[in-house]
Amino acid sequence: MDYETANYKEAVSRCSKLLAERNLTIAFAESATAGKLAYEFSLTTYSGAILTGGIVCYNACVKEDMLGIAKETIAKYTPESAEVTKEMCRSLQRKMPAEVRVAVTGLTAPGGSESPQKPVGTMFYCIMYKQIVHEQRVLLEGNPSEIVNQSIAAISLAIWSMLTSKR
């Protein structure tokens, strides 16, 4: 199953079940997905056992104020970047401890930091588990809702892969 063809609800359900089976908790720092990622995990039967919570930091000032992301980092790389996403994920551990931490930023619609090198549909996510850091940049197509749903599928499948790989 890949994220472009995956049913995002099915991917979240599978991921949630695996987290519960492994007694792991998860927390989210969300920008472009605006809380929908945590929301989808909250709908599973495992939510009480796995979901620590989430922070929606759509605006750059919330990334700065709530997560402590340096203004200089945001100015240098833009709010929708791999660098800011990784810092959001690191900061999440201090705000909301969980074994699995996920941060996501990106461009679901025009009006952000899009450019020819970073068009609308570019999404960044970072997942941290133990000493493993998984960073990904994906280019998705569709309307904002479709891009968010594809992102949720991609992130859920990446978590599944991290937890089931023999590292």
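The values are calculated or read from the model by the stated rules, or taken from the named source; none is laboratory data. Being a predicted model, the structure only gives us computed values, none of them experimental. Here the Cβ positions follow ideal geometry from the backbone for every residue, glycine too, while neighbour counts run over all protein chains shown. Side chains are part of the model used for accessible areas, which takes the heavy atoms of the whole protein and leaves out ligands, DNA and RNA. Shrake-Rupley method; radii C 1.70, N 1.55, O 1.52, S 1.80 Å.
Shape index of the range 78-167: Rg/Rh, with Rg the Cα radius of gyration and Rh the Kirkwood radius from the inverse mean 1/r over Cα pairs, equals 0.99. Quick one: of 95/130; 36/71; 9/36, which pairs are farther than 22 Å apart, Cα to Cα? Too far apart for the 22 Å limit: 36/71. Sorted from greatest to least, the principal axis extents spanned by the alpha carbons of the chain come out as 41, 34, 30 Å. Under a Gaussian network description of the chain, with springs only between Cα atoms under 10 Å, the residue in 43, 92, 19 that fluctuates furthest is 43.
Within the accessible surface of the range 1-137, defined with a 1.4 Å probe on protein heavy atoms only, the carbon and sulfur portion equals 49 percent. Restricting the count to DSSP beta bridges whose residues both fall in the chain, what percent are antiparallel, rounded to a multiple of 5? Percent antiparallel among DSSP bridges in the chain is about 60.
Accessible surface computed residue by residue for the range 1-159, with neighbouring protein chains in place and a 1.4 Å probe, gives 47 Å² per residue. Among residues other than residue 111 with Cβ under 15 Å from its Cβ, the summed charge is -1 (Lys and Arg +1, Asp and Glu -1). Local charge for residue 98 was computed over the other residues whose Cβ lies under 15 Å away, with Lys and Arg +1 and Asp and Glu -1, and equals +4. Straight-line cross-link partners of residue 86 among the aspartates and glutamates, defined as a Cα under 20 Å from its Cα and at least 8 positions apart when in the same chain: 30, 64, 65, 72, 99, 114, 135. Note that the range 69-74 has calculated 3J(HN,Hα) couplings of 6, 5, 4, 5, 5, 5 Hz, one per residue in order, obtained from phi through the Karplus relation 6.51 cos²θ - 1.76 cosθ + 1.60 (θ = phi - 60°); glycine and proline are x.
Would you calculate a helix-derived [θ] at 222 nm for the chain, using -39,500 (n - 2.57) for each DSSP H run of n ≥ 4 and dividing by the full residue count, to the nearest 500? Don't skip to the end; give the middle numbers.
Numbers: 7 runs with 75 residues, N = 167.
Per the formula, -13500 deg cm²/dmol.
May I ask for the percentage of alpha-carbon pairs in the range 1-69 that lie more than 18 Å from each other? Numbers along the way, then the final one.
Values: 1038 of 2346 pairs.
Taking all Cα-Cα pairs of the range 1-69, the fraction more than 18 Å apart is 44 percent.
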